[in-house]
Amino acid sequence: MSYIANFPNFGVTNFKGELAALSAAFLWAIASVVWSKVGQRIGPLELNFLKGAIAIVFLVITLLLSEQTLPAIDPLAFWLLLLSGAIGIAIADTALFAALNSLGARRTLLLKILTSPLVALIALVFLQETLSVAAWCGIFLTLIGVAWVVSERVPGTNGKEAFFWQGILWAMVSTFGDAIAVILSRLALTQTTISPLWSTLIRLTTGQFFLLILLLIINLKLQKNTIQKSQPLLTIKLWVIITFTSFIGTYLGIWLQQISLKFAPAGIAQTLNATSPLFVLPIAIWLGEKISFRAIVGVLLALVGIALLFRF
């Protein structure tokens, strides 16, 4: 079962990282549709913690089945993964949920597109990862295509204009947090023999630790101020939905993201990881939404960019 510890056998080993990134984007697209519904029942911080806890259970089960032990890892790389989990999961994901509440999905996703070129620039400066001119063209074509697709979707209406600038701030915190977390993970994964599965578990566990601290602080403040807080009712159906979405979106999604960062340059990996809006289109069609010609052109443009990334 050694394939469990590394990567599903796609039969295209030359593009292992790129395929992992696209797979993660596809799963995150499905998960985002579900989370947008579940988020109406559960608060962002609580939902973030809950899905992380479920994903950790799946990770531990996978490690036990694969009989994979934690390899010797350089202390610096280990701390890089811890820091990546704290920033990318506890901070960036929570900021993302806050941005969604203030700006809505369209504006937030448009700002999140900035993560990809930011990752490439940071990798260029700190990891000396140089990309060809064609690869840079692929990155920007993909970003433009994604931006067109996202901007064509129905504008988010779950935020108020009064919180516009607050949402901008949260979105930028999430964007910078994700970019920093990606670089930290990339640095740790390429400098050690640790598998993406173990790095995913380390990052998630660290994120859960900080989320737990935040939840405890909030609950203590609520008790101190004698504020009554209503708790959502988690039905069996809701538990099933959360568990399934945590499995595909958090457990598989973050695992595949870590694989992409281990086997592909950070700029390319993050760009492909950011293509989730492209996969939302067929889901939207399936749900009965009308897709415009502009959105189709955006998809084709992004696919050209992706093709350039694979070619060069």
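The values are calculated or read from the model by the stated rules, or taken from the named source; none is laboratory data. For clarity, every value in this text was computed on a predicted model and none was experimentally measured. No Cβ is skipped: glycine too gets one built from the backbone with ideal geometry, and neighbour counts run over all protein chains shown.
For Ser185, the conditions (1) modelled with pLDDT of 85 or more; (2) surrounded by fewer than 18 Cβ atoms within 10 Å (Cβ to Cβ) all hold with the exception of (2). Candidates in the stretch 230-269 are the residues that are part of a loop (DSSP other than H, G, I, E, B) and of a type in the set (A, V, I, L, M); of these, the one that is farthest from Val60 (Cα to Cα) is Leu233. Condition check: crowded, with 20+ Cβ neighbours inside 10 Å and either of a type in the set (D, E, K, R) or closer than 16 Å to Ala179 by Cβ (or both). Does Ala123 satisfy that? The answer is yes for Ala123. Within the stretch 277-312, the set of residues being out of contact with any Gly (no Cβ under 9 Å at 6 or more places or on another chain), modelled with pLDDT of 80 or more and buried (at least 16 other Cβ atoms within 10 Å of the Cβ) comprises Phe279 only. Under the condition of being among the polar types (S, T, N, Q), surrounded by fewer than 18 Cβ atoms within 10 Å (Cβ to Cβ) and either part of a helix (DSSP H, G or I) or at pLDDT 85 or above (or both), the residues counted in the stretch 206-229 number 2.
Residue-wise test of (1) small (Gly, Ala, Ser); (2) under 20 Å from Gly249 (Cβ atoms); (3) buried (at least 20 other Cβ atoms within 10 Å of the Cβ).
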position	(1), (2), (3)
Lys37	no, yes, no
Pro44	no, yes, no
Asn48	no, yes, yes
Ala55	yes, yes, yes
Leu59	no, yes, yes
Leu64	no, no, no
Leu70	no, no, no
Leu76	no, no, no
Ala92	yes, yes, yes
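Residues being among the polar types (S, T, N, Q), at pLDDT 90 or above and surrounded by 18 or more Cβ atoms within 10 Å (Cβ to Cβ) are entirely absent from the stretch 135-150.
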